Amino acid sequence: MRLSQYFLPILRDDPKEAEIVSHKLMLRCGMIRQEAAGSYSWLPLGLRVLRKIEQIVREEQNRAGAIEVLMPTIQPAGLWRKSGRYEAYGKEMLRIKDRHDRDMLFGPTNEEMITDIFAQGVQSYKDLPRNLYHIQWKFRDEVRPRFGVMRGREFLMKDAYSFDLTREAGQHSYNKMFVSYLKTFARMGLKAVPMRAETGPIGGKDSHEFLILADTGESEVFFDRAFHDMDWQAFEIDYDDVEAVAKVVDDFTSKYAATSEMHDQADYEKRVPADRRVTGRGIEVGHIFFFGTKYSEPLGAEVQGPDGKMVPVQSGSYGIGVSRLVGGIIEASHDEAGIIWPEPVAPFKVGLINLKAGDAGTDAACERLYHALECKGVDVLYDDRDERAGAKFGAMDLIGLPWQVIVGPRGLKDGIAEVKNRRTGERENAALDQLVGRFAR
Ligand code: P5A
């Protein structure tokens, strides 16, 4: 993409309405624009990041055996009356009437609808287990939407729903999602610590939240420093191996970690030596629930068991805040100059800076490099604008692409460009003809 032809409305100053760094940076970089309280348009740069995150979530869900569907955003009220949540959800639910005066709502979550879909499609225990998910916009009329995409009213969620015959099988489905969440967040460069959680309006018996640590997090958290030494990324897992999956869950839940709502100071002091106790703040990026038959009973989701009797299925639901993650990653990864994208979610991998746009030799070298990188499938944003070098450096640091390739007449004489690593700030000279090989996977 050429910057001269892109849509990147960068703001010169920090927007006043933004209280936290991710909100500030997303507005400054022209990633989003507010349309109403808690509701945003995603501009090109922001959308690229959102899509990258979504794709990582999708790949890890598929790997863990979940199957993608897509349900509508607007739901009929009937199923919610059956589950008892139509009234219980209160003012957070946006209620709508259609032209026939039928009660509709903008879905805040999909337990009812998916349970009904499942019930119509599966009749026998032989078709279990199943886990269905979608990545869809939700609306919750939050009392205080704030911090940009972190607590929006309209936001993108991945929500998965598992269906099993027995409590034990349901536990395995829960554990699989637990482990897949560790992998999903690790791929984005995040350590999301699982903590036992309250179940709130979703309900149920067992629940964990996944929180990334950041000073601006909404929740106060208490945890064991040992989490920092865990293997977050490298472990390989066979999702069909019930014991192996349970062991990972045990490893991560045996260490103390709790939000203030669930915190037990005496237990904390008993289980964690003083020098390992860490208190901080966290951002909830995922939340998983096991609720047994809470929805399957009222909604009639039964299957025929091995003995021929009909039994309500055991289910759970598993959410990831896809749009919240964009802000969460920025909270966890920035400096005073701007965002520092972890490579897997970066909107572009390389920012190519032409130091002397208009100079025939520099233009030609940049064009060649730009085309060669594009040909190899490297996402590159080429700053071909006729701007001061300082302005170009500032903009590139602000939007935080992992690599900057800086091409100017002086280096060109020796056939070299400068390569800057945005995270470390390290700069090195590299031969122009080796750059493509370096960035192409
Ligand atoms: C689980 C999936 C549920 O809704 N039902 C389906 C369950 N859980 S949850 O905890 O309420 O939400 C799941 C994740 O969505 C993100 N999230 C939000 N993101 C941005 N703005 C909001 N207002 C918002 N509310 C929830 C969180 O990451 C949460 O973990």
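Here are some notes:
- Cross-link partners of Lys205 among lysines (Cα-Cα below 18 Å; sequence separation of 8 or more within a chain): Lys176, Lys294
- Size of charge dipole - the range 186-249 - debye, nearest 20, with Cβ of Lys, Arg +1 and Asp, Glu -1, no other charges: 140
- Counting only residues at least eight positions apart within a chain, or on another chain, the lysines with an alpha carbon under 20 Å from that of Lys24 are Lys16, Lys392.
- Sequence of Trp80, Trp42, Trp341 once ranked by neighbouring C-beta atoms within 10 Å, starting from the fewest: Trp42, Trp80, Trp341
- Stokes-Einstein diffusion coefficient of the chain, Kirkwood radius over Cα pairs, 20 °C, 1.002 mPa s, in µm²/s: 90
- Over the residues of the chain, the helix contribution to mean residue ellipticity at 222 nm works out to -9500 deg cm²/dmol, using -39500 (n - 2.57) for each DSSP H run of at least 4.
- Built amide H within the under 5 Å cut-off of His334, gap 5+: Ile340
- 5 angstrom amide H check on Arg2, placed H, neighbours 5+ away: Tyr382
- Packing-based ranking of 209-219, 31-41, 398-408 yields 398-408, 209-219, 31-41, ordered from highest to lowest mean Cβ neighbour count within 10 Å.
- Whichever lysines have a C-alpha closer than 21 Å to that of Lys183, once near sequence neighbours (fewer than 8 apart) are set aside: Lys52, Lys158, Lys191, Lys247, Lys255
- Figure legend: label point modelled 7 angstrom from the Cα of Glu218 along Cα→Cβ; residues of the range 32-51 with amide N under 17 Å from it are 37-40.
FYI, it's all coordinate maths here, none of it is from the lab. None of these values were measured; they are calculated from a predicted model. Neighbour counts are summed over all protein chains in view; Cβ atoms, including those assigned to glycine, are modelled from backbone coordinates with ideal geometry.
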